[in-house]
1. Taking the alpha-carbon distance from Lys3 and a cut-off under 26 Å, which lysines remain once sequence neighbours fewer than 8 residues away in the same chain are dropped?
2. When a/c is below 1.5 the answer is rounded, else prolate if a/b is larger than b/c, else oblate, so apply that to the range 208-284 with a ≥ b ≥ c taken from the square roots of the Cα gyration tensor eigenvalues.
3. In deg cm²/dmol and to the nearest 500, what is the mean residue ellipticity at 222 nm of the chain if only DSSP H runs of at least 4 residues count, each as -39500 (n - 2.57), divided by the residue total?
4. With a 1.4 Å probe and all protein chains left in place, how much of the accessible area of the range 13-170 comes from carbon and sulfur atoms, in whole percent?
5. How much solvent-accessible surface does Asp203 expose, in Å² to the nearest 10, with a 1.4 Å probe and all protein chains in place?
6. Please give the contour-minus-distance gain from Gln91 to Glu49: 0.36 nm per residue of separation, less the Cα-Cα distance, rounded to one decimal in nm.
7. What would the Debye equation give as log₁₀ I(q)/I(0) for the range 128-258 at q = 0.12, 0.13, 0.22 Å⁻¹, counting only Cα atoms as equal point scatterers?
8. Which net charge results when you count Lys and Arg as +1 and Asp and Glu as -1 among the other residues whose beta-carbon is under 11 Å from that of Asp153?
Amino acid sequence: MAKWENDSDLAIIQALQLPPGKLKVVLDSDAYNETDDQFEITWALCHEERLDIQGFYAAPFLNGRSESPADGMLKSYHEIAKLLKLAGFDQKFPIKQGAKSFLTKADDAQPSEAVDHLIETAFALTDEKLYVVATGALTNVASAIIKEPRIIDRIVVIWLGGQPFYWPSAFEFNLSQDKLAVNIVLDSKVPLVLVPAMSVASDLKTTPLEIDHYLLETSDVGDYLARLTRTFLTQILEKGDRGLTKIAKDKNPYLRGQNDLDVSQFKPINSPIAKGKIVWDLAPLAFLINPLWTTSRLVSAPQVTAEDTWVFPENRHPIRVVTHVNRDGIFGDLFNRVSKLPKTN
């Protein structure tokens, strides 16, 4: 393991040690991208004893559910508002629109309400950190760092993105949409907790049957999440998964470079039953709510290449990487709490 001895690195390590008690938090999400952000946002609302939510930000995204990054951001903005209303938190928290496009230059922030609110909120705190839970492209976070570099001493970023560092490819939706933003965050020395997608967040897999059992016809928002999941999976069966088609040409880019076996003589066996759903975005929030649901380690900060691979320059500052999540503990808490939110009919 690398040795970090200078004051800057030691300060980062200290910031990455989660304190007990209530934490100031903002959530930055591409909430309309699919269905996992909806679970994350709703679960966050259930933990008022731990999370002092300062606001929600809509992140840009581009896939089969959006016409452009701006369209994806606006759809996410409206989805966040819908969720808060269903959960009984209508107009309780600020909801801010984020960037309308991804970064194009390292010194050119994408302006947005979210960026301004993030900077203002962070600098309004005197003796505590603002925790930024980011479950989309890092455009909003990187733009805040570009606009006000001193913010790195006032925030801690917990981000779902990329793949495990030992994998041949880092390709992942949140990372690959705005790699420039990822490198700005990785190079900035902001305290960062990185949650890889496959082999970590991918453990958070459930099924429509399990979701229906615990959430259908319970609270208003629980019922919405159950029906939303079934609709989403039905659309994938009927029309295919369009989640990555606008940023990748290969069929399964999340497993890029993972298989050197010749399978050309085999045909796929597909089944319309036993379909599961990974709720990826619960992982970074789980780390923040109760780190006992996770394991994590300090590692040297990497960089990401234009080819969606990790590289590891020497003498880099530390970040924390989550290596495991407790699937049963996380879903058990989520189902229990979400089912008890308000029901109006």
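The values are calculated or read from the model by the stated rules, or taken from the named source; none is laboratory data. This one's a predicted model, so the numbers in the text were calculated from it and none came from an experiment. Counting neighbours? That spans all protein chains shown, and the Cβs are built from the backbone with ideal geometry, glycine included. Just so you know, the surface numbers come from the protein's heavy atoms only, side chains and all, with ligands and any DNA or RNA stripped out. Shrake-Rupley method; radii C 1.70, N 1.55, O 1.52, S 1.80 Å.
1. Output for Lys3: Lys129, Lys189.
2. prolate
3. -10500 deg cm²/dmol
4. On the way: 2810 of 5730 Å².
Reported share for carbon and sulfur atoms: 49 percent.
5. That residue has around 60 Å² of solvent-accessible surface.
6. 13.2 nm
7. The calculated log intensity ratios at q = 0.12, 0.13, 0.22 Å⁻¹ are -0.63, -0.72, -1.22.
8. Taking every other residue near Asp153 into account, the sum is +3.
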